[in-house]
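Working notes for the structure below.
The values are calculated or read from the model by the stated rules, or taken from the named source; none is laboratory data. Computed from a predicted structure; not experimentally measured. Note: ideal-geometry Cβ built from the backbone for every residue, glycine included; neighbour counts use all protein chains shown. Just so you know, the surface numbers come from the protein's heavy atoms only, side chains and all, with ligands and any DNA or RNA stripped out. Shrake-Rupley method; radii C 1.70, N 1.55, O 1.52, S 1.80 Å.
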Amino acid sequence: MKRAARCLPALLLACLPACAHATEWLAAPAIYPPDTWQGRSVAQIRVLDKLDAHVQMLSVPVGQDVTYKSLTLHATSCLQRPPTLPADAASWLDVRDAHAGMAGFQGWMAVAEPATGIFQNPLYDVQLTGCSGDNVAPVPLPLAVVAAQPPAPTGNGTATPDVPPGTPAPGGSAAPAAADGASQPLSPMQAPLVAPPASSPPPATPAAPDGGGAAPLMLH
């Protein structure tokens, strides 16, 4: 028994080269690029009424208005991360309060970004909780196709995804359309400087301090 115990380390060392050779055949799992988004047809919104502490969950179909008390909510788009990426959701929302003097909100809300994930005014807290419904554009390519495609190099040697034609770039200018007509999802963190068309003209919102896209009004 003692002799067998002394031989065990030698046997393990002898097996290590074979195990190392076996691991060489394991390919890395395919994952989507970090800027990939999947469009969904419904935005899930949580509204807190500060007067009676009532919490209401609202399903806002993309492209439609939903009214709750004095609030009117309109979702222009709702995006979520596809599988293989950390869970997140973002939606371009237009929130209007019918009370006189109440500032509205127009811009991106992101679940994983506390700075853009909630809108507050003296009466309500409005927060995006996720996306649901059917899959709509932008629709990522199948994961097997994404894994087989090499990244497209840019002038500085790095890979940068395309954005939909006419989408304002971070600097404010519209990105050119892809030559083959293919479009990639818009990153919700790149909020356009010009808001998407709404069903009715929204009230004026305070300008962001840095002159960028609209930001929620934080009142305490």
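Quick notes on this one:
- Efficiency of FRET between Ala112 and Val146 - r from beta-carbon atoms, R0 22 angstrom, step 0.05: 0.50
- Count Lys and Arg as plus one, Asp and Glu as minus one, and take only other residues whose Cβ is under 12 Å from that of Gly104; the net charge is then -1.
- Surface accessible to a 1.4 Å probe, Met57 within the full protein complex, Å²: 100
- Each label point was placed 7 Å from the Cα along the Cα-to-Cβ direction; for Leu123 and Gln64 their separation is 2.4 nm.
- Tensor-based shape of region 35-75 (alpha-carbon gyration tensor, a/c under 1.5 rounded, otherwise prolate or oblate): prolate
- Solvent exposure ordering (accessible area, 1.4 Å, most first) of Ile118, Ile45: Ile118, Ile45
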